[in-house]
1. Near residue 223, which aspartates and glutamates are there with a Cα under 14 Å away, not counting those fewer than 8 places off in the same chain?
2. What is the angle, in °, between the Cα long axis of helix 105-119 and the longest principal axis of the Cα atoms in the chain? Nearest 10 is fine, range 0 to 90.
3. Using a 10 angstrom cutoff on alpha carbons, build the Gaussian network for the chain and name the most mobile of 198, 263, 310.
4. Using the alpha-carbon atoms, what tilt in degrees (0 to 90, nearest 10) does helix 258-269 show relative to the longest principal axis of the chain?
5. So how tilted is helix 13-25 from the main axis of the chain? Cα-based, degrees 0 to 90, rounded to 10.
6. Residue-wise, which Karplus ³J(HN,Hα) couplings in Hz belong to segment 273-281, taking 6.51 cos²θ - 1.76 cosθ + 1.60, θ = phi - 60°, and x for glycine or proline?
7. Strictly under 4.7 angstrom between C-beta atoms: which cysteines of the chain have no such partner?
8. Along Cα→Cβ, 7 Å out, is where each label goes; now give me the distance between the ones at residue 287 and residue 45 in nm to one decimal.
Amino acid sequence: MKAGVSYFGVRNPEWVRKDMQIIKQAGFDCVLHTFSEEDLQYYPQTMKEIIAISKCEGLSVYVNPWGVGRVFGGEAYTELAARNPKMAQIGQNRKKLVAACPSSPAFRDYMKKWIKFVCECEIETVFWDEPHFYFEKNNPKLSSCHCKHCLEYGSKQQSLISFISFLTEEVRKLGKRNSVCLLPPWFPAGLENWDEVAKIPFVDEIGSDPYWEKGDSIEKVRKSYKEVSEKIANLAKTHNKEAQMWIKNYHIEAGTEHFAKEATEIAVTAGIENIFAWSYLGSKYMDWLRSDNPELVWKTQIKAFSLAKAHNNFLHSHLYNGGFNSGN
């Protein structure tokens, strides 16, 4: 079983080494390093060193294009569409948006540059995090592009499928793996037909992140994680992919830390053997994402992964046939 956690915000290699040791000692196998436009422009060799340190500490490394073009998830700023308006998505009112267009040849050229560099690092997998069109929650009509390139595809679904196919093929050419994380069904700007993503031959892992909102009940968390985990597990089995699920470790309200433990249990029960948490130490170091009690979130997630691995070991040794033993 793979247990991983995302890591960002620190670009001091020696401090990163200490954190990677903590992550490894906590029982994690993998770390995901965010790799933004800023990183590619200003920290490329530092990032290469950070990735090498993580590998040296015994962790498999994933990287993701954090907030790049505002086409992928993440809190990093993007300036691509501002610097090169030819990259920009176009809204229904024909005005250029702040996000790059997945169908833009200029943006694809940039992504080839990003892929080439990260694949020269000691990574295992490129994590394509929530590929989507620009959207605002209160205005879902902004969730597609009306540029000439997208109009040729006929739908946002086909535009994104073409984009993901392009990205994953470029990565495969360079000998690395691809993991695609799909926005949960209730987001308007992502992909509706997940089967088309799972069919892409260069995709190695398929996953999702049905994170809960502040104020959501545990019943809602159970329902959404069960539904999405089972859907991902079935897709992965059908298309011979590895299934992955993400557990929310940010914006966790005090008294709800156990939500992360239950979400982990549900994913494991659905048969998921690749589970990551976002992010390290309950997102303690970014105040916009910080949980109310980040240390407790971290301890809760470590315990959940420990129990998940024990459960997984029982299953694979054919000595355990019951449900998930969540402990006390």
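The values are calculated or read from the model by the stated rules, or taken from the named source; none is laboratory data. Note that the structure is a prediction, hence the values are computed from the model and not measured. Virtual Cβ from ideal backbone geometry, glycine too; neighbours counted across all protein chains shown. Ligands, DNA and RNA are stripped out before the accessible areas are found, and what is left, the full protein with its side chains, is counted by its heavy atoms. Shrake-Rupley method; radii C 1.70, N 1.55, O 1.52, S 1.80 Å.
1. 209, 213, 262, 265
2. 40 degrees
3. Its mean-square fluctuation being the largest, the pick is 310.
4. Computed tilt is about 90 degrees.
5. Long axis of 13-25 versus the principal axis of the chain: about 40 degrees.
6. 10, 9, 10, 10, 10, 10, 8, 3, 6
7. 30, 56, 101, 119, 121, 147, 181
8. Label at residue 287, label at residue 45, 3.4 nm between them.
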